[in-house]
Amino acid sequence: MDKASLIGVIIGFCALFIVFFEVSHGNFMMFFSIEGVLTVGCGSVSVCFMAMPMEKLKAVPGYLRSFMFHKSQSMEATIKQLASLSEKARRDGILALESEMANIKDPFLAAGLKMAVDGIEPGQIEATARMELMAMQDRHKSGKKFFDLIKNYGPGYGLVGTLIGQVGMFAKLADADIGVLGKMLALAVVATLYGALIANAIAGPIGDKLSIRSGEEILAREMMLQAILSIQAGDNPRVTQDKMLAFIPQSSRRKLGLAA
């Protein structure tokens, strides 16, 4: 579980609950409008279907899991693992790493080390890894794009709902039915509320978190690639370690008890 995401969701939900409760005195149905839900909710979803291929949309549950759950190994733990592997390769030869493959959980790292152990040329290893990184970036962009679409078009559909409510209200002015006018005005206001909430409290933060996670994963894998190439080249373990330390801030290096 990603603690920051969970804390953010709880704080946002609690703040909105308290405000809604204070305003409505417990009558939360005053904030509900089926017309607003259809306009903003269904309208935002329709944009995603129009803008993205179906295979990308099928991955949406995975995007949400990436937001709430972060399972990747920390950079510090990866450095320790690769430093140990570097020392083993230097001491016993790179073929000795074959027995360590079962302990490597990251598929990118495992595949890269396997190629190094198999004696694949460094240039070929790097080219293959770069293609893997490019494909990963494309997948991550799709996730962010989905939530960016909702963030961008949700408020727009909220405005559409507002305009529809105003048109309905103006059309009923001659009848002077205060109940109908109130319903139309409520639709106008609530639709804007839904659009603002879906953009600023849901889609925007999720998309930004996915973008940050993507950058972190790309940096981590770039570090892994440089370490793999260094191990294959037979560099001194200290050199391999220093190359990895270049990817993390000084504070993290101090936690590891290392210096670049």
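A few points about this structure:
- Lone unmet requirement of (1) without any contact (Cβ under 8 Å) to a residue 40 or more places away in the chain; (2) more than 27 Å from residue 44 (Cβ to Cβ); (3) buried (at least 18 other Cβ atoms within 10 Å of the Cβ) for residue 184: (2)
- Residue 56 meets each of the listed conditions (1) over 24 Å from residue 210 (Cβ atoms); (2) surrounded by 13 or more Cβ atoms within 10 Å (Cβ to Cβ); (3) basic (Lys, Arg) apart from (1).
- Test: residue in the stretch 75-95 that is over 21 Å from the mean Cα position of the chain (by Cα), farther than 27 Å from residue 255 by Cα and buried (at least 18 other Cβ atoms within 10 Å of the Cβ): yes
One line per residue, one yes/no per condition, for (1) in contact with a Leu (Cβ under 6 Å, 6 or more places away or on another chain); (2) of a type in the set (Phe, Trp, Tyr); (3) in a helix (DSSP H, G or I):
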{"residue": "8", "(1), (2), (3)": "no, no, yes"}
{"residue": "13", "(1), (2), (3)": "no, yes, yes"}
{"residue": "40", "(1), (2), (3)": "no, no, yes"}
{"residue": "43", "(1), (2), (3)": "no, no, yes"}
{"residue": "49", "(1), (2), (3)": "no, yes, yes"}
{"residue": "61", "(1), (2), (3)": "no, no, yes"}
{"residue": "71", "(1), (2), (3)": "no, no, no"}
{"residue": "76", "(1), (2), (3)": "yes, no, yes"}
{"residue": "84", "(1), (2), (3)": "no, no, yes"}
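- Among the residues of the stretch 210-239, just one is closer than 18 Å to residue 145 by Cα and buried (at least 21 other Cβ atoms within 10 Å of the Cβ), namely 210.
- Within the stretch 119-172, the set of residues being surrounded by 18 or more Cβ atoms within 10 Å (Cβ to Cβ) and without any contact (Cβ under 8 Å) to a residue 24 or more places away in the chain comprises 169 only.
- Tallying residues that are closer than 16 Å to residue 229 by Cβ, of a type in the set (Gly, Ala, Ser) and either in a helix (DSSP H, G or I) or not assigned by TED's automatic domain parsing to the domain that holds residue 256 (or both) within the stretch 86-133 yields 9.
- Test: residue in the stretch 176-183 that is touching a helix residue (DSSP H, G or I) at 6+ places or on another chain (Cβ under 6 Å) and more than 30 Å from residue 90 (Cβ to Cβ): yes
The values are calculated or read from the model by the stated rules, or taken from the named source; none is laboratory data. What you are looking at is a predicted structure, and each value in this text was computed from that prediction instead of being measured. Heads up, the Cβs are rebuilt from the backbone with ideal geometry, glycines too, and the neighbour counts pull from every protein chain shown.
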